[in-house]
Every structure is written in structure tokens, then in C-alpha cells.
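Peer 1: Structure in C-alpha cells, see below.
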Amino acid sequence: MAEYDLLIKGGSVVFPDQGTRRADLAVRGERIAAVSETIAANRAERVIDASGKYVFPGAVDSHFHVGIYRPLKEDATTESTSAASGGVTTILTYFRPGKNYLNKTGPYKELFPELLQLSEGSYLADYGYHLTMNTEDHIREIEWLVREGGVSTFKYYMFYKLLNLSGSASEGTNYLMTDKPVDLGFLYKYMKEVARVNDVFKEFGKIALSIHCENPEIIRATTGEVQEKPSGNPLKDYSDARPPWEEELAIHEAAIIANHTGCPVNLLHLSSQKAVEAGKDVSLRYPRLGFLLEGTLHHLGLSHDMDLGRLAKVNPPIRSREDVEYLWKSVLDGTIHTVVSDHACVTKEIKKGDLWTSLPGFGGTSLMFPILITEGYHKRGLPLHRIAELSSSNPAKCHNLFPKKGCMMVRCDADLAIVDIEKEKEVTLSTLCTAQDFSPEEGMRLKGWPEYTILRGQVIFEKGRVVGKPGYGQFIKRPVKLHYNE
Ligand SMILES: [Zn+2]
């Protein structure tokens, strides 16, 4: 029996918070066992030659929507496979009662076990859930969900409050299947309880509320204006219909209530200069709340001057080239803490309709490294260890997975992505390994692709082929410091 099960030899190891250095990395069982300048090949059962390659911590894609538009079990399998093919080893995915997902509501005491049962045996990547509370009864389940369920992040969608006024057909459908409004008064009660539960568990990690900050009253007015005078560019129209200043407004609304209640907040998918500036403002004004500022691959990689068409409709919208540059500046200077995919697998059939009626969102998890390396490292000089922070250690720390995940130290899970940063390839649907039948990035040439993905010591993706079996992925209870002994 060899001392190590796996040895990654000859590569450069990318350490978050430190930098990149030449090192061999050995794995025993599911964990990193040694990192050293040289480890002899005969000490390991299997050796992967990583000469000329970079060994990153596996990405933690902390914004995902498994099962939003397709059956959850099937979606978990195909889309976690897509993640694995892109060097993503952990997925944190959203779930809410109501329309889409399981198409029903009820107490989490019933819904959550069902969700876990559907998930079991389906994922190729490790996974966890962020949960949306739609009612005051749900809010009362938060402490139980942390203690027993292993869920430490919750979600609120500011722009659903109009969608949810039952009996008002013009405002859309009752998405959340509740007859009570989910307005700012509801948010206030929600935040009070998250803040209370955060206090209960503070020695183990941060219990936080993740917020989709958009203001529906403004969207209603500005959409009307754009519909009267469309420009002919669908994505620009969509951006004008949901202008950056309504994100800015929503961030300030949320932050004021968060400050009053003491609720930790994650500001999701900031798409524009105004949104990031608002995030920065509230972080400086209320430093004790420790706001997380999240960016997405599509807001960093796409702008509405590209010829993408309405399939790239997403909330918040794809913005201008100037906004994209501002987002990159904010990634480079550390204002944006995490980069995520906001992956929601859709097909052209699911996205049927016109610009205003078609469903928002699309997938892109497998482009985590190609986009960050092409647009960040090659074009803008973003150091590789910063890419490891944005894609892995920061989301792991912010969402209570650290040091089990997002960590390159001995005894941490051996979750790794071995990346060829010089490999250039065109994006095709087959390279993405997804059930989606289009991609806004299709046809782009990107430079920096994963060659191997390793999850808890097992190779699950190897030289363009998925070799892991769906079902290998485990549910990770958070905070890991509460639920795991070491
Ligand atoms: Zn999302």
C-alpha cells in the first residue's frame, strides 16, 4: 500500500490569500495530506502529471438554481455534471416554495426532507442549499433549519413583492403561493429573526440573508416607458426597463432595515456601477454588518452591445460595456468578494415568448475558470491567487464551508481543479456538459480551461471527459463548524 492515494506532481499550486508556488500535492482518502516542494512519485498509488499546469482549490459556485425550471433530480445530475466539467466541486443552490422548483408550498419541516431526498444520489458535486422563507410560519423555522437542517443562508427577493399580490392579474402570478404580502414589512420581520438566530450561532459562523435587490415599483414604471419606445436592441431595452438606479435604491432600502435589525446581508449579483457603489456605500456606513458583495460571470463577461438576443435575458439585466469595466475594476480592487454563475438551466423551449414574457436566467457554471482567467488574468492582470479567492475561499468563508472547502491546507477536503491557463478553446455546447441547448457564450474563444477536477480525492473530470458518477456529491451541512467535529 502506498502512503498516498493520489499525487499531483510538477504543477504550481494556487494558494488563496498567499500566492502561487511550485509544489507537489498529495491526497490520502478524501483529504489533502501533504503539500511540499517535491514528493516522490513512488509514494503514491496514482500520479497526475501537472507540469506547466496550475492546481487551484475546486471552485465553490455559491449561486445556483438547481431544479428551478426542470425536474429537480434530473437537473441536479446534469447541471452538477456541467459544474464538475468546469472545475466546480461545491454548489450552493437556491430553493423556494411556490411556482417553479417543486411547484408547491408548505412548512419546511415537510419540504426540506423532500428536497434532500430528491437530491440524494443525484449530484456529482458536493452541495448545500440556501432557502427562501415566504411566510411568517417559514420564518419561525429558521433556527431549526440551521440546527437540524444544515442551512445557514436564507434568501429574499425584493422584486417578488408585486408578483405576489394575489388577485391582481396585471401584476403577474402568485409566485410564492402565499396570500400575505412579502413587502418591506415582511422583510423587516424576516431580518429580525435572521439576526436573532445569527446571535444564537455566532460562535460557529454567520447566519445571513442573501438579497436579490431590485425594486418592483420602479421596474413597473420604467418598463412601461421602454415598452412605449423600444430601441430595437432587446438586451439594452431590458436593461433600461430595470435601470441600475432601481438596484441602487433597493440596496439602500435593504441596508437600512438590515442596520436597524442587525441582520447580516449578502448582496447578490451586483450588475452595474450604481449597484456596486451602493454596496460600497452601505458597507462603509454599516461596517458591523459585513456585507458580502457578489458578482456573476455573465455580468463580467457580457454586455448589451454584444449581439446576444433575448435568450440572454436575466435579472438583473446584462448591462453596458462601461458597467462591465466598472465591475472588473471592483473585482481587481477587492470590492467584489465572490464570483458566481447564478446557473439556471433553461432551454430555448423553456425561454419561449417575447422579451417581456420569456423566463429569465441561463447557465454558465462550467465557464468559471475560462472567464476568470481569460477576462481577469490574461486581459486585466488579475493574479491567479485572487481567482482562487473569488471562486473558492471567499465563497467558502462567507457561506460557512471553510475550512472544509475552499482551502488548500493539509486535512481540508481534496477538492481541486488542475487548470491549463494557456489552453485556448472555443465555447461549444458539448464542452459545457449541460442540458441547456444554447449558451450566450457559445462561439467565444476563451483561454484557461480545467483539465482535471478532483472532489474529495476522486477524479471526476479528466481531459475533457466526465468520469465521476452522479450521486458521489454529498450534502454539506453548514456552518461546517457546527456540524463537523474537526
Ligand atoms: Zn439567482
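Peer 1: Kindly provide the set of residues from the stretch 346-366 that are within 16 Å of the ligand (Cβ to nearest atom) and either among the basic types (Lys, Arg) or touching a Gly at 6+ places or on another chain (Cβ under 7 Å) (or both), ordered by number.
Peer 2: Result: Val346, Lys351, Thr365.
Peer 1: Take the residues in the stretch 82-102 that are touching a strand residue (DSSP E or B) at 6+ places or on another chain (Cβ under 7 Å) and free of Cβ contacts under 8 Å to residues at least 40 places away in the same chain, then tell me which one is surrounded by the fewest Cβ atoms within 10 Å (Cβ to Cβ).
Peer 2: Going through the qualifying residues, I end up with Tyr101.
Peer 1: Does the stretch 302-328 hold any residues that are part of a helix (DSSP H, G or I), free of Cβ contacts under 8 Å to residues at least 60 places away in the same chain and either more than 21 Å from Asn266 (Cβ to Cβ) or within 18 Å of the chain's Cα centre (by Cα) (or both), and which are they?
Peer 2: Matches in the stretch 302-328: Arg321, Glu322, Val324, Glu325, Leu327, Trp328.
Peer 1: Something else about it: Give the stretch 256-275 a look and list any residue that's away from the ligand (no atom under 16 Å from the Cβ) and not in a loop (DSSP other than H, G, I, E, B), or say none.
Peer 2: Ile256, Ile257, Ala258, Asn259, His260, Thr261, Gln273, Lys274
Peer 1: For the stretch 123-134, does any single residue satisfy the condition of being within 21 Å of Lys192 (Cα to Cα) and modelled with pLDDT under 95?
Peer 2: yes
Peer 1: Tally the residues that are assigned to a helix (DSSP H, G or I) and crowded, with 23+ Cβ neighbours inside 10 Å, restricting the search to the stretch 332-365.
Peer 2: Qualifying residue count, the stretch 332-365: 1.
Peer 1: Go through the stretch 420-437 and report how many residues are at negative phi, under 20 Å from the mean Cα position of the chain (by Cα) and either exposed (fewer than 14 other Cβ atoms within 10 Å of the Cβ) or part of a loop (DSSP other than H, G, I, E, B) (or both).
Peer 2: Of the residues in that region, 3 qualify.
Peer 1: Name the residue that is farthest from the chain's Cα centre (by Cα), counting only residues in the stretch 83-110 that are within 28 Å of Leu372 (Cβ to Cβ) and within 16 Å of the ligand (Cβ to nearest atom).
Peer 2: Ranking the candidates gives Phe95 first.
Peer 1: In this structure, is Gly67 within 16 Å of the ligand (Cβ to nearest atom), more than 24 Å from Gly468 (Cα to Cα) and open to solvent by less than 10 Å² (accessible area, probe 1.4 Å)?
Peer 2: no
Peer 1: Out of (1) more than 30 Å from Pro230 (Cβ to Cβ); (2) within 16 Å of the ligand (Cβ to nearest atom); (3) touching a helix residue (DSSP H, G or I) at 6+ places or on another chain (Cβ under 7 Å), what's the single condition that is false for His343?
Peer 2: All conditions pass for His343, except number (1).
Peer 1: Which of the residues belonging to the stretch 445-485 are open to solvent by 50 Å² or more (accessible area, probe 1.4 Å), part of a strand (DSSP E or B) and under 28 Å from Lys206 (Cβ atoms)?
Peer 2: none
Peer 1: Moving on to the next point. Across the stretch 394-418, what is the total count of residues that are in a strand (DSSP E or B) and more than 20 Å from the chain's Cα centre (by Cα)?
Peer 2: 1
Peer 1: Also: Would you point out which residue out of Asp24, Asp61 is of a type in the set (Asp, Glu), open to solvent by less than 10 Å² (accessible area, probe 1.4 Å) and closer than 30 Å to Leu118 by Cα?
Peer 2: Exactly one of Asp24, Asp61 is of a type in the set (Asp, Glu), open to solvent by less than 10 Å² (accessible area, probe 1.4 Å) and closer than 30 Å to Leu118 by Cα, namely Asp61.
Peer 1: Now a separate question. Within the stretch 276-287, which residues are part of a helix (DSSP H, G or I) and either in contact (Cβ under 8 Å) with a residue 12 or more places away in the chain or of a type in the set (Ser, Thr, Tyr) (or both)?
Peer 2: Val276, Glu277, Ala278, Gly279, Lys280, Asp281, Val282, Ser283, Arg285
Peer 1: Just a yes or no: is a residue in the stretch 382-398 open to solvent by 60 Å² or more (accessible area, probe 1.4 Å) and of a type outside the set (Phe, Trp, Tyr)?
Peer 2: Yes; the residues of the stretch 382-398 include at least one that is open to solvent by 60 Å² or more (accessible area, probe 1.4 Å) and of a type outside the set (Phe, Trp, Tyr).
Peer 1: Just one of the numbered conditions (1) hydroxyl-bearing (Ser, Thr, Tyr); (2) buried (at least 22 other Cβ atoms within 10 Å of the Cβ); (3) in contact (Cβ under 8 Å) with a residue 40 or more places away in the chain is not true of Thr105; which one?
Peer 2: Of (1) hydroxyl-bearing (Ser, Thr, Tyr); (2) buried (at least 22 other Cβ atoms within 10 Å of the Cβ); (3) in contact (Cβ under 8 Å) with a residue 40 or more places away in the chain, only one is false for Thr105: (2).
Peer 1: Before we move on, is Lys206 in contact (Cβ under 8 Å) with a residue 40 or more places away in the chain, in a helix (DSSP H, G or I) and away from the ligand (no atom under 16 Å from the Cβ)?
Peer 2: no
The values are calculated or read from the model by the stated rules, or taken from the named source; none is laboratory data. From a predicted model like this one, the values you see are computed outputs, not experimental measurements. Cβ atoms come from the backbone with ideal geometry, glycine included; neighbour counts cover every protein chain shown. Calculation scope for accessible area: heavy atoms of the full protein, side chains included, ligands and nucleic acids excluded. Shrake-Rupley method; radii C 1.70, N 1.55, O 1.52, S 1.80 Å.
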